[in-house]
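Single-structure report; data block below.
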Amino acid sequence: MDLNLLNEKVENAIKNSEKYKTKGNVATYIPELANVFEDNFGLSIVTVDGKEIHKGDTDLRFSVQSISKVISLIMALEDYGKDFVYEKLGCESSPYPFNHVNTITTKAANPFINAGAISTTSMIKGKDSKEKFQRFMDKMKDWSKDKDITFLEKVYHSEMETTDTNRALYYILKSKGIFDLDVEDVLNRYIAGCSVGVNTYNLAYIAAVLANGGKSLDSNEQFIESDNVKFTLAQMSTAGMYEESGKYQMSIGFPLKSGVGGGIMGVVPGKFGICTYSPRLDNTGNSLRGIIVLEELSKELGLSLFE
Ligand code: GLN
């Protein structure tokens, strides 16, 4: 991929998206998420051959939120294997919002709505809660090549205090026999995972590892088994943008995962990983300006996997 061309198209797309700067609203259902500067925008790209583009607020730490569901899915697949994971979990998209009770029938619809991520979180191995979460943090640090990834205490406490919907989802899953673990342990780890503070560079780097078939960009180490990369990217395409996943596969056309913190992580297989950050969301909970930029880039550079 020609880096100059990529850079030029990125600059144009960001410029053209400026008119959306004040459109959409930050998430407030987790009170601490409202305490961000609403108009911030950052974009990072990391290519599979290690080249980088960074524009705007790329150093800013924001909470990873639902993008953490990608890490939990990969860990559940690594720890228990695909057959076990998908006995407990569906793989189809859901027409309901990410925290809706209807996302659960006999099991959660997919790993990228809350009920699904609560399920994958229950499948992360470790001798105790602390070790299970430490393993999760270590993966994020290794794959993003950033040992300084932080944990946003305020976001964590704010969500723990207001998480009755997720608690309800936990009990519905428990009543279906999906798991029988300590509710506070699973909820704590799910919400702690959502409260990890990342910047666009971190998520672009993790996305680049996925774009590189799960291989580290610096060494030959296979960070993520290639089959698990394949399953994860398939799920990001079908369910990564909640109930509007199909729509964005039509307009953007590569695997995506968004979070209500304002991040969108995208994977262009064989080419690059990308992350946009802009905390104003649309009604579905996806970053509004992030989508606008990704749509223009995809169109200008022919990035859709379906063309
Ligand atoms: N922590 C958030 C929640 O459980 C994650 C949701 C999201 O990013 N869509 O509601």
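The values are calculated or read from the model by the stated rules, or taken from the named source; none is laboratory data. This structure is a prediction, so every number in the text was calculated from the model and none was measured. Cβ placement follows ideal geometry from the backbone for every residue including glycine, while neighbour counts extend to all protein chains displayed. Side chains included, ligands, DNA and RNA excluded: accessible areas come from the protein's heavy atoms. Shrake-Rupley method; radii C 1.70, N 1.55, O 1.52, S 1.80 Å.
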Query raised in the report: Which of the residues that make up region 1-25 are in a loop (DSSP other than H, G, I, E, B) and surrounded by fewer than 18 Cβ atoms within 10 Å (Cβ to Cβ)?
Result: Met1, Asp2, Lys21, Thr22, Lys23
Query raised in the report: So which pairs qualify, if the first residue must be in region 284-307 and open to solvent by 20 Å² or more (accessible area, probe 1.4 Å), the second must be among the basic types (Lys, Arg), the Cβ gap must be under 7 Å, and the two must be at least 6 apart or on different chains?
Result: Leu288/Lys23; Leu288/Arg280; Glu300/Lys9; Leu301/Lys9
Query raised in the report: Any idea which residue in region 187-202 is nearest to the ligand (Cβ to nearest atom), counting only those that are in contact with a helix residue (DSSP H, G or I) (Cβ under 6 Å, 6 or more places away or on another chain) and either of a type in the set (S, T, N, Q) or closer than 13 Å to Ile274 by Cβ (or both)?
Result: Ser195
Query raised in the report: For region 249-261, what are the residues that are over 18 Å from Ala117 (Cα atoms) and either open to solvent by 10 Å² or more (accessible area, probe 1.4 Å) or within 12 Å of the ligand (Cβ to nearest atom) (or both)?
Result: Gln249, Met250, Ser251
Query - Residues of region 162-186 satisfying the condition of being touching a residue at least 60 places away in the same chain (Cβ under 8 Å) and either away from the ligand (no atom under 16 Å from the Cβ) or open to solvent by 80 Å² or more (accessible area, probe 1.4 Å) (or both) - result: Lys176, Ile178, Phe179
**Report entry** So Tyr80, is it closer than 25 Å to Pro31 by Cβ and among the aromatic types (Phe, Trp, Tyr)
**Finding:** no
Query raised in the report: From the set of residues in region 50-76 that are assigned to a loop (DSSP other than H, G, I, E, B) and β-branched (Val, Ile, Thr), which is surrounded by the most Cβ atoms within 10 Å (Cβ to Cβ)?
Result: Val64
Query - Answer residue from region 145-161, given it is touching a strand residue (DSSP E or B) at 6+ places or on another chain (Cβ under 7 Å) and more than 15 Å from the ligand (Cβ to nearest atom) and is least open to solvent (accessible area, probe 1.4 Å) among those - result: Ile149
Report task. Would you check if there is a residue in region 87-103 being without any contact (Cβ under 8 Å) to a residue 40 or more places away in the chain, within 14 Å of the ligand (Cβ to nearest atom), under 18 Å from Thr238 (Cα atoms) and surrounded by fewer than 19 Cβ atoms within 10 Å (Cβ to Cβ)? Result -> yes
Report summary line: Of the candidates Glu225, Glu243, the one satisfying the condition of being within 16 Å of the ligand (Cβ to nearest atom), among the charged types (D, E, K, R) and out of contact with any strand residue (DSSP E or B) (no Cβ under 9 Å at 6 or more places or on another chain) is Glu243
Query raised in the report: Which ones in region 187-204 are crowded, with 24+ Cβ neighbours inside 10 Å and not in a loop (DSSP other than H, G, I, E, B)?
Result: Tyr190, Gly193, Cys194, Val196, Val198, Thr200, Asn202, Leu203, Ala204
Requested in this report: Find the residue count for region 26-49, including only residues that are in contact with a helix residue (DSSP H, G or I) (Cβ under 6 Å, 6 or more places away or on another chain), open to solvent by 50 Å² or more (accessible area, probe 1.4 Å) and in contact (Cβ under 8 Å) with a residue 40 or more places away in the chain.
Outcome: 1
Query - Tally, over region 273-290, of residues that are over 14 Å from the mean Cα position of the chain (by Cα) and farther than 17 Å from Asn199 by Cβ - result: 6
